[in-house]
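> Encoded as C-alpha cells, here's the structure I'll be asking about.
The values are calculated or read from the model by the stated rules, or taken from the named source; none is laboratory data. Just so you know, these numbers come straight off a predicted model, no measurement behind them. Note that each Cβ is placed from the backbone with ideal geometry, even for glycine, and that neighbours are counted across all protein chains shown.
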Number of protein chains: 2
Amino acid sequence: MKKKLKLGLFGFGCVGQGLYHVLEETSGIKAEIKKICVKHPDKVRPIPADRFTYRKEDLLLDEQIDVIVELIDDADAAFTILKEALQHGKHVVTANKKMLAEHLEEIYHLQQRYNRSVLYEGAVCGSIPIIRNLEEYYDNDLISGIEGIFNGSTNYILTKVFEERKGYHEALRQAQELGFAESDPSLDVKGFDPKFKLAIAITHAFGVFVKPEHILNIGIDNIDALDLKFAQDNGYAIKLVARAVKAGNEVFGLVAPQFVERQHNLYPVRNEYNAVTVVGAFAERQLFVGKGAGSYPTGSAVLSDISALTYDYRYEYKKLTQGNTHRFSNEAYLEAFIRFDQPELVRMHDFEEFHSGYAANGHHYMTGLVSLEKLRSWAASAKVGIILTPKTRIVSYIEKNREQACSAA
Amino acid sequence: MKKKLKLGLFGFGCVGQGLYHVLEETSGIKAEIKKICVKHPDKVRPIPADRFTYRKEDLLLDEQIDVIVELIDDADAAFTILKEALQHGKHVVTANKKMLAEHLEEIYHLQQRYNRSVLYEGAVCGSIPIIRNLEEYYDNDLISGIEGIFNGSTNYILTKVFEERKGYHEALRQAQELGFAESDPSLDVKGFDPKFKLAIAITHAFGVFVKPEHILNIGIDNIDALDLKFAQDNGYAIKLVARAVKAGNEVFGLVAPQFVERQHNLYPVRNEYNAVTVVGAFAERQLFVGKGAGSYPTGSAVLSDISALTYDYRYEYKKLTQGNTHRFSNEAYLEAFIRFDQPELVRMHDFEEFHSGYAANGHHYMTGLVSLEKLRSWAASAKVGIILTPKTRIVSYIEKNREQACSAA
C-alpha cells in the first residue's frame, strides 16, 4: 500500500544521528536513507564513510531520492537546499525553525508552485505533534489562543536553577552537554528559538504569516537573583512562555518569562519538556506535553513527517484558505513586573495602568499594565528586568479603549 | 476542494445538541445535518419539529445522506444502525464506546467489506485527539504503554471529594446535573466506561482486539472514608487510572483507582478533565490533557471526525497490519493496597510478594504484589477495597519468573 521512500539527508548532528538510529530500530516505516551530505568530509563519524558525501548535488540531482531531510544548522544554506529540492521535485522534511519562521510565506507558495510537500513537525516543540494537531484537528474549531513552553533548554536551565539552586551558567553548561541547547546558546536564552516556533505555530493556528522580527522576544538571560527570590517567596516558578491570542481580527504574540503559580498547568512541566495549551471555543483547553529537545524526540518527530509522506500527506493550511482577514499586531498591553536599579529608567506614567511599586536594597520594582511597544524598548536594555505576572493576559488597544469608554459612560 | 457532506443524526441528547450548536457556530466545515432521528417524536425540543423523524429508514435510505452520526445511548440499537448504515454505503461517526468496545473487531472487518469509514474520536476521552494521534503519529514509533484518566465524571467526583470534602453521593449528583455522568452512573463509577475506552485505545496503540469482559475494571464506588484519610495523610490524590502496557508479545490492561503522588503528571488533572500519557521508545512520555466530558468537548471531537470525512480520512489500523502477533493477557501482577474488615477475606499468601500490613480501628490493610486474577476475585466483593499504590506497574508472569530465576542463579 505504502511506497518505500528514499531519503537524502543533509546534516549528521544531534538530530540527524537521532533520526538515523530511530530509522534503524523501527520496522513500521517504509523509508531508507540513501545518502547523507555533510560539510566536513574528513570528520570521524560513527557509521561507514561510504554513506556520506559532501556535494549537495549528489542528493539533489539523484532521481531516486524522493525526500530531502534537511537537518543542518545554517538557516540560509537550509533555505537554499529547500528551494532546490522543491525545484527538483522532491518533498522536504526540515526541523530548521529559524529558516521556516523567516521564509514561511514563501515556502507556502513554493509548495503550491512545485506541488510538493514541506513538513516540519520536528521544528516546533520536538516530539509534540502540535502542527499536525493544529492542522488536522482544529479546522472546525475556533482557536482563540495558544501558549506554552516552546524551548527545552531554557526550561531545563530554569528547572535546575529553581529546584537544585544551581547557578545560571552551570545550568546552561549542563544543558549544552546534554544536547538540549543550540550551538549558539543566545538563540535559546534570549528567546529567539521559541519565537521562531511561535511564528510557525501562529500560521497554523490562526492563518496569519508573521515575520519573527515583529514578535517581541524577552529571554531569561536577564533574570537576576532578586527575581528568583521574589518567585520563591511567592511560591512561583519562572517559565519562558510563548503565547499568541486572537482578538477581533488581530493576532498578538510574544515570548517572555512569566511568574507561574503552582496551580498553573505549565508549573509541573520540568526539565527539557515542552508544553502547549490550545484554547478553543468548543474543545476548550487542551494541553500537550512532551520532550521538546534532544536527538530522539526531535528525530522521532522528523520520522513521523517522513512516515506521513509515504501516504502523500500535506499541510492544508486550512485557516489561510478560509477567507481569513486576520493580521498580526503589537497594539496590546500585558501586566508585567519590571525591575530596575536606576529610578530614571522606568516611571509610573510608562504604564497604561500602574498596579504597585516598591524599592528594596537599592532595587526598584513596579508592576502594571504596559504596552508591548514599551516592553520592547525596555527589553533592549540589560538594566531592566521584565517578567510577566501570573495572571497576565494580552489586552488589545481596542479592548482597552472599549473598557474605558464603558466606564466613562 | 472539499465536498459538502450531508449528515443523518441519530439521537439528540447532550452530545447531539452540542454537535448541532458547534456545527451552527462554525463556518470552516462543509457539512450540514439533513435530518435527526429521535425515539420520542412528541418530546418538546429546542429546535423546529420538522428537523426530526422517528423512523430510522428516513435516514438510512436517504441517498443524499453521506454520513450517519450515531449518538444514542443504547449500544445494541447503535450497532444495528452502524451495520445498516455501512450496508447502505454511508460512513459512520459514533461516540458510543460501549458498542465500539464490544464489536470493534467486527466493525474493523465491516469497514473493509463495505469500503466505508467508521470514525470515533469522540468515544475516547472527549476532546483529546488520542485515536487520531495513536493512528497518525505513532506508526513509526514503538509504543510501550498508555495510561491516563479516561472518565470525566469520576474524576470530577474524586476532585470534589478531595478538594471540597464533599460527600461521594453529593459529588455524583452534581456531576450528573452538569451532564458529565452517564445516564446509568454505574457505567462511570464502576469503571466500565473507561474500560470501554481503554479497549478501543488498545487496538489503536498495540494492534490487538480485546473484548471488554477480559479487562479488569475496579471502580471508585467502593472507596471509603479511611482510604481518603490514608490518601490525605500521605499527600496522595486518588485517581481512576486506565492503563495498558506491552511486554514481549503480550498486552496487559486494567482500570483501577490508584494513589497518585503530587509529582505524578496525572495529579494536577482535575474535575472533568481527562488525560492520556503515551510512552514510546523515541518520543518518550507524551501527555495529552483535555475535557473528557460535556456536550461541547465531545461534540467538537465528533465534528472533527465529520471534518476528516470531507477529505476521505480512514483509520488505517496500522499496527494490526504490521505482522502483529501480540495477544491480550491477564497473566500479570501489580502492587496494590488492599483494605478489608474481616481477617479471613485476605491473607498474606494471597500475595505474590507481601510488602506491608497493619490493622487500625477494626480495619485491616495489606499491600503487596498481587495477581490480576486475585484482584478480580476481590473486586467482586464489596467488602474488599482495592487501590493501586503510587509506584505500581504491571509485571508479567514471564518477567517475574525471569527475575526469580536470576536471583536463584
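> Restricting attention to the range B:298-324, which residues are of a type in the set (S, T, N, Q), assigned to a helix (DSSP H, G or I) and within 18 Å of A:Ser307 (Cβ to Cβ)?
Listed by number, the list holds a single entry, B:Thr321.
Every residue, every condition in (1) part of a helix (DSSP H, G or I); (2) among the aliphatic types (A, V, I, L, M), yes or no:
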position: B:His204; (1), (2): yes, no
position: B:Gly219; (1), (2): no, no
position: B:Ile223; (1), (2): no, yes
position: B:Leu226; (1), (2): yes, yes
position: B:Lys239; (1), (2): no, no
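> Looking at this structure, is B:Leu254 over 22 Å from B:Gln174 (Cα atoms), surrounded by 21 or more Cβ atoms within 10 Å (Cβ to Cβ) and either more than 7 Å from chain A (Cβ to nearest Cβ) or not small (Gly, Ala, Ser) (or both)?
In short, yes.
> Out of A:Gly368, A:Gly385, which single residue is farther than 17 Å from A:Arg243 by Cα, in contact with a Phe, Trp or Tyr (Cβ under 6 Å, 6 or more places away or on another chain), surrounded by 15 or more Cβ atoms within 10 Å (Cβ to Cβ) and among the small types (Gly, Ala, Ser)?
The conditions single out A:Gly368.
> Could you pull out the residue among A:Val15, A:Val38, A:Val67 that is closer than 29 Å to A:Asp188 by Cβ, surrounded by 16 or more Cβ atoms within 10 Å (Cβ to Cβ) and under 23 Å from the mean Cα position of the chain (by Cα)?
Exactly one residue qualifies, and that residue is A:Val15.
> Now, a different point. What pairs come up if the first residue lies in the range A:198-220 and is farther than 18 Å from A:Ile386 by Cβ and assigned by TED's automatic domain parsing to the domain that holds A:Lys374, the second is assigned to a helix (DSSP H, G or I) and of a type outside the set (S, T, N, Q), and their beta carbons are under 9 Å apart, counting only those six or more places apart or on different chains?
Close Cβ pairs satisfying both conditions: none exist.
> Taking only pairs six or more apart or across chains, which ones have beta-carbon atoms under 8 Å, a first residue in the range B:392-409 that is surrounded by 14 or more Cβ atoms within 10 Å (Cβ to Cβ), and a second residue that is assigned to a loop (DSSP other than H, G, I, E, B) and not hydroxyl-bearing (Ser, Thr, Tyr)?
Qualifying pairs under 8 Å: B:Ser396/B:Gly248; B:Ser396/B:Glu331; B:Tyr397/B:Glu331; B:Ile398/B:Gly248; B:Ile398/B:Glu331; B:Lys400/B:Glu352.
> From A:Gly126, A:Gly122, A:Gly145, which residue is of a type in the set (Gly, Ala, Ser) and surrounded by fewer than 24 Cβ atoms within 10 Å (Cβ to Cβ)?
A:Gly145
> Now, a different point. Quick check, is A:Glu121 closer than 15 Å to A:Ile200 by Cα and within 12 Å of another protein chain (Cβ to nearest Cβ)?
Here the answer is yes, as A:Glu121 does meet what is asked.
> How many residues does the range A:41-60 hold that are exposed (fewer than 12 other Cβ atoms within 10 Å of the Cβ) and of a type in the set (A, V, I, L, M, F, W, C)?
Selection size over the range A:41-60: 2.
> If I filter the range A:263-274 for residues that are in a strand (DSSP E or B), touching a residue at least 24 places away in the same chain (Cβ under 8 Å) and within 11 Å of another protein chain (Cβ to nearest Cβ), do I get at least one hit?
Yes, that holds for at least one residue.
> Please state which one of A:Pro268, A:Pro212 is under 22 Å from B:Ser127 (Cβ atoms) and out of contact with any strand residue (DSSP E or B) (no Cβ under 8 Å at 6 or more places or on another chain).
A:Pro268
> Here is a follow-up. For the condition part of a loop (DSSP other than H, G, I, E, B) and not hydroxyl-bearing (Ser, Thr, Tyr), what is the one hit in B:Val44, B:Val15?
On inspection, the qualifying residue turns out to be B:Val44.
> Does A:Thr80 count as of a type in the set (Ser, Thr, Tyr), crowded, with 24+ Cβ neighbours inside 10 Å, over 29 Å from A:Glu170 (Cβ atoms) and away from chain B (no Cβ under 12 Å)?
no
> Within the range B:93-180, considering only helices (runs of 4 or more DSSP H) that don't extend past its boundaries, which have at least 3 residues that are at pLDDT below 85 and farther than 18 Å from B:Phe288 by Cβ?
B:168-177
> Give the residue that is farthest from A:Gly207 (Cα to Cα), with candidates limited to residues of the range A:303-323 that are over 22 Å from the mean Cα position of the chain (by Cα) and surrounded by fewer than 16 Cβ atoms within 10 Å (Cβ to Cβ).
Checked the range A:303-323; the qualifying residue farthest from A:Gly207 (Cα to Cα) is A:Tyr311.
> Return only the number of the condition from (1) within 29 Å of the chain's Cα centre (by Cα); (2) among the small types (Gly, Ala, Ser); (3) within 14 Å of another protein chain (Cβ to nearest Cβ) that A:Gly89 does not satisfy.
Condition (3) is where A:Gly89 drops out.
> Output the residue which, of all residues in the range B:301-323 that are away from chain A (no Cβ under 11 Å) and farther than 14 Å from B:Arg116 by Cβ, is modelled with the highest pLDDT.
Ranking the qualifying residues of the range B:301-323, first place goes to B:Tyr317.
> A follow-up question, please. Considering the range B:89-119 alone, what residues qualify as being under 22 Å from B:Asn155 (Cα atoms) and touching a residue at least 60 places away in the same chain (Cβ under 8 Å)?
Matches in the range B:89-119: B:Ala95, B:Lys97, B:Lys98, B:Ala101.
> For B:His21, are the conditions met, namely being free of Cβ contacts under 8 Å to residues at least 60 places away in the same chain and either surrounded by 17 or more Cβ atoms within 10 Å (Cβ to Cβ) or out of contact with any strand residue (DSSP E or B) (no Cβ under 9 Å at 6 or more places or on another chain) (or both)?
no
> So, in the range A:275-290, of the ones that are surrounded by fewer than 24 Cβ atoms within 10 Å (Cβ to Cβ) and within 9 Å of chain B (Cβ to nearest Cβ), which residue ends up farthest from A:Ile128 (Cα to Cα)?
Once the filter is applied, the top-ranked residue is A:Ala281.
> For the range B:24-34, what are the residues that are in contact with a Ser or Thr (Cβ under 6 Å, 6 or more places away or on another chain) and surrounded by 19 or more Cβ atoms within 10 Å (Cβ to Cβ)?
B:Ile29
> Let me ask something additional. Within the range B:291-300, count every residue that is small (Gly, Ala, Ser) and either more than 7 Å from chain A (Cβ to nearest Cβ) or on the phi > 0 side of the Ramachandran plot (or both).
Matching residues across the range B:291-300 total 4.
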